[in-house]
Amino acid sequence: MGQTNKLEIRVSPSPHVSKALSTRSVMIDVLIGLAPALAAAVYYFRVHAVTLVAVCVASCAAAEWVCNRIRRRANTLGDFSAVVTGVILAFSLPPALPWWAAMVGGCVAIGIGKMVFGGLGSNVFNPAMVGRTFMAASLGTLMTTWTVPATVDPVMPKVAPQRLDARTQATPLAWSKTAIKNELGATTYNRQIFGSTVTGEVGGCLGETSAVALALGGLYLLIRRTINWRIPAGVLGAAFVFAAAAFVLDGDVVSEPSRQWLASETYVQPLFHLTSGAMLLCAFFIATDPVTMPLTGRGMWIFAVGVGILTMLIRVVGEYPEGVMYAILLMNGATPLIDRFCKVIPVGGKPGGKG
Amino acid sequence: MAILSGNRTFSGGAHPPGQKGRSCEISIQPGPPAKEVAVLLCQHIGVICEPVVKKGDAIAAGQKVGDSQAFVSAPVHSPVAGKVKEVALRSHPVLGRAMAVVIVADPPDERPAAVDAGRFADFDTEKYEQAAILDASREAGLVGMGGAGFPTRVKLDPKGTPKETLIVNACECEPYITCDYRLMLEWTDQVLAGVRLAKKASGCKRVIIGIEDNKPRAIEVMRDVCRAGADGIEVMPLQTKYPQGGERQLIRAVLGKSVPTGGIPPMIGVVVINVATAAALADAVVFRRPLTHRVVTVTGGGIDRPGNYYVPLGITAGELIEFCGGLNSQARKVVMGGPMMGLAIADMKTPLTKTSGAITVLTQQEIGSAKFAQRQTACIRCGRCLEVCPERLNPTRIAHAVKNNLLDVAQDYYMSACIECGCCSYVCPANIELTGYIKTGKIFVARQKKRMPE
Ligand code: SF4
Ligand code: SF4
């Protein structure tokens, strides 16, 4: 066995083969899933989209690199998770946000949202949502100043939150909410807005406007089994049921028959809630962040349904037009608890009546 | 496709590449002649044998060299005639080092005779009494040859809960390995004889042979003989999925019943035996031949001449590898068994045992670069390990508890129910050695209970 001795023979625990899957490949898959929405963002918001995404990704990556340096840890940029956080953060910001604000957000997202917990896998809250919450709390109206898509008006004028105009609306959600408050109600709500939320030709955060693009990317991740199907099913299902119940129970349906499908007197029709705001972005890309969601199947259902219902509660009952961000953070916080109460039971049942 | 086939299976599991093409078309050949064999005294689950011969004794081929009085144990025999050189420590794939009876062949061993396929053509179960079959299975030192090595005599024991169903494990779900497949194709009569004997010994009424649907020829061949024999033996194709051949998973797939956690198949009236064990049982009962030889698949990218060999047990892994042309320059890992559950060995002088169904020599490419570099990253809590676990455990929780020395937490998460199939480690994107940690945890617990020597 002369030759055998020269070879480098290794010993390690079984199994001795592994699936060609790595944290990096998972993250790259997510980025591919985000690509259609990125394309839509660039199409509707042009240079704003390019700047925001670039700044957020760069600042997230830089923050991660610096934190690892300070803590004398190995560089972890190679897993691409910081890039994903950067893109998602950018997607959840108003298009015309100044670049320095986005940079601060990126640093907070990674620095506070992830690295202080010990890096990828140890963070409790979704880093992008932590960054966004910080910005919402500190930047005031900058975070609620929307932009008219370039396809509507090439100058892309900024819109103040309260401006009500069917074409240069602020965001569909804010608009519907204010409209209701102003007792203009659903009567001024028109079919065009729902259509626009599907294509994305509306005001709103950078990457949340185009329902079609988000659904396409989500479908890709579902087919690739990169994300767990329970999450989008639970979030969207719960939100739809909630919205439908509110819509139907309200009773006071618009009197004019041709428009009855659109909205009741106080509640917009349920599908609108799914296509507008960050609902799809949340269901496919934010709530599905594996680190901050429960591990077990039952836990995932509770988490997803929780996100869906909380989002709708905030939207319908709360002060804010949009509820995704807080819903996610609340359910993130509940995740350790959910995991503790939703232990999996082995196939053969609990052993011998014990435990 | 497998999913559309409608064949049964269990839930969870993984689909590692089969890689059986290298050796599945190569018929069983005689292995290398033994010059010296080291018969390990522990080749089974249960009480370790004591040597019944001593240094200098002359030995006949097939003579018993180690035995124990305990019920849960199985004697060991010498495959060759010769002289006892010593009773000494040898490398053991599981235990590290263990006692073995070392025998120098004298006269030099002829190559193990190629088996005469016609031997079992006129086999008739009626000629054998139940008690005689049970005795023969004990005397021949039969153990489950699929991997675990549980004494067959104990498994077949008809006392206790009445046994209803005998399941023959012909899945061979472990990638690369083809020894059971070749047995079914080439020694069909012998396998069937063994199955009938096992049925009679255990008192089971029903027999089901479970075969993964990636082996259509084996399904066909077994169906043909079973139809000819027509004594209620049924062949059931199962989905190709790892670990379909895990005892508990097989029962789940075939009968739709679960063996209770911490329990054993007899509790629900089931006996599972492996194809190779059935073949050995036939040899033991009909020809009174002890279990001293078995078919071993030598395969993997690190081997230039893969194949299936009938080898004397006690020769070293190195000898068998040399017989197949040695390791090539790509070889990086020598595994006793298959890539999912096999044990990597460092010492090429490790003797083959009754449960060594294969020697798989893997290349860096087959192992995968991250695994090869043993690059583990942080758990991203993706839940993939939970999804594939065939026992529906929480591998990441258990493994991390073991890592942090929280053995009671690990046990809270049913660590002892882990069958060590390796699915969780296989899919983990962070490449964490979940199965490795769990195995370590189990050893710690066993030590705490003082069941295992320090
Ligand atoms: S598969 Fe790996 S990364 Fe995913 S939850 Fe399990 S241990 Fe963590
Ligand atoms: S925990 Fe055990 S039984 Fe479950 S997949 Fe991992 S090795 Fe297999």
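Table for the structure above
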{"item": "Segment A:112-142: number of residues that are among the basic types (Lys, Arg) and over 19 Å from A:Leu97 (Cβ atoms)", "result": "1"}
{"item": "Residue ID - nearest to B:Val195 (Cα to Cα), chosen from residues in segment B:120-147 that are surrounded by 15 or more Cβ atoms within 10 Å (Cβ to Cβ), small (Gly, Ala, Ser) and modelled with pLDDT under 90", "result": "B:Gly146"}
{"item": "Residue selected from segment A:20-37 under the condition surrounded by fewer than 22 Cβ atoms within 10 Å (Cβ to Cβ) and farther than 24 Å from A:Gly119 by Cα, by the criterion farthest from the other protein chains (Cβ to nearest Cβ)", "result": "A:Pro36"}
{"item": "Count - residues of segment B:320-349 that are more than 7 Å from every other protein chain (Cβ to nearest Cβ) and closer than 25 Å to B:Ala279 by Cα", "result": "7"}
{"item": "Qualifying positions in segment B:391-411 - surrounded by 16 or more Cβ atoms within 10 Å (Cβ to Cβ) and closer than 21 Å to B:Thr377 by Cβ", "result": "B:Asn394, B:Pro395, B:Thr396, B:Arg397, B:Ile398, B:Ala399, B:His400, B:Ala401, B:Val402"}
{"item": "Residues located in segment B:361-393, provided they are more than 9 Å from ligand 1 (Cβ to nearest atom) and closer than 29 Å to B:Arg248 by Cβ", "result": "B:Leu362, B:Glu366, B:Ile367, B:Gly368, B:Lys371, B:Gln376, B:Cys389, B:Pro390, B:Glu391, B:Arg392, B:Leu393"}
{"item": "Those residues of segment B:426-442 which are more than 9 Å from ligand 2 (Cβ to nearest atom) and more than 15 Å from B:Val409 (Cα to Cα), in sequence order", "result": "B:Cys428, B:Pro429, B:Ala430, B:Asn431, B:Ile432, B:Glu433, B:Gly436"}
{"item": "Residue check for B:Ser11: in contact with a Lys or Arg (Cβ under 8 Å, 6 or more places away or on another chain) and not in a strand (DSSP E or B)", "result": "yes"}
{"item": "Failed item in (1) under 17 Å from the mean Cα position of the chain (by Cα); (2) surrounded by 23 or more Cβ atoms within 10 Å (Cβ to Cβ), with B:Ala344 passing the rest", "result": "(2)"}
{"item": "Residue within segment A:53-72 that is in contact (Cβ under 8 Å) with a residue 12 or more places away in the chain, at the interface with chain B (Cβ under 9 Å from one of its Cβ atoms) and touching a helix residue (DSSP H, G or I) at 6+ places or on another chain (Cβ under 9 Å) present", "result": "no"}
{"item": "Test result for B:Val84, touching a Lys or Arg at 6+ places or on another chain (Cβ under 7 Å) and part of a strand (DSSP E or B)", "result": "yes"}
{"item": "Residue satisfying condition, being of a type in the set (A, V, I, L, M, F, W, C), within 9 Å of ligand 1 (Cβ to nearest atom) and either touching a helix residue (DSSP H, G or I) at 6+ places or on another chain (Cβ under 8 Å) or in the same structural domain as B:Ile321 (by TED's automatic domain parsing) (or both), within set B:Ile398, B:Ile432, B:Ile419, B:Ile438", "result": "B:Ile432"}
{"item": "Filtered residues of segment B:359-389 (kept if at negative phi, crowded, with 18+ Cβ neighbours inside 10 Å, out of contact with any Lys or Arg (no Cβ under 7 Å at 6 or more places or on another chain) and facing chain A (nearest Cβ under 7 Å))", "result": "B:Glu366, B:Ala370, B:Lys371, B:Thr377, B:Cys379, B:Ile380, B:Cys382, B:Leu386"}
{"item": "Hey, A:Gly355 modelled with pLDDT of 85 or more and on the phi > 0 side of the Ramachandran plot or not", "result": "no"}
{"item": "So A:Ala41, is it part of a helix (DSSP H, G or I), out of contact with any strand residue (DSSP E or B) (no Cβ under 7 Å at 6 or more places or on another chain), free of Cβ contacts under 8 Å to residues at least 60 places away in the same chain and under 22 Å from A:Met156 (Cβ atoms)", "result": "no"}
{"item": "Residues that are within 11 Å of chain A (Cβ to nearest Cβ) and more than 11 Å from ligand 2 (Cβ to nearest atom), drawn from segment B:392-425", "result": "B:His400, B:Gln411, B:Asp412"}
{"item": "Yes/no for B:Ile268 being assigned by TED's automatic domain parsing to the domain that holds B:Gly147, free of Cβ contacts under 8 Å to residues at least 12 places away in the same chain and surrounded by fewer than 19 Cβ atoms within 10 Å (Cβ to Cβ)", "result": "no"}
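The values are calculated or read from the model by the stated rules, or taken from the named source; none is laboratory data. Just so you know, these numbers come straight off a predicted model, no measurement behind them. Don't worry about glycine lacking a Cβ; one is built from the backbone with ideal geometry, like all the others, and counts go over all protein chains shown.
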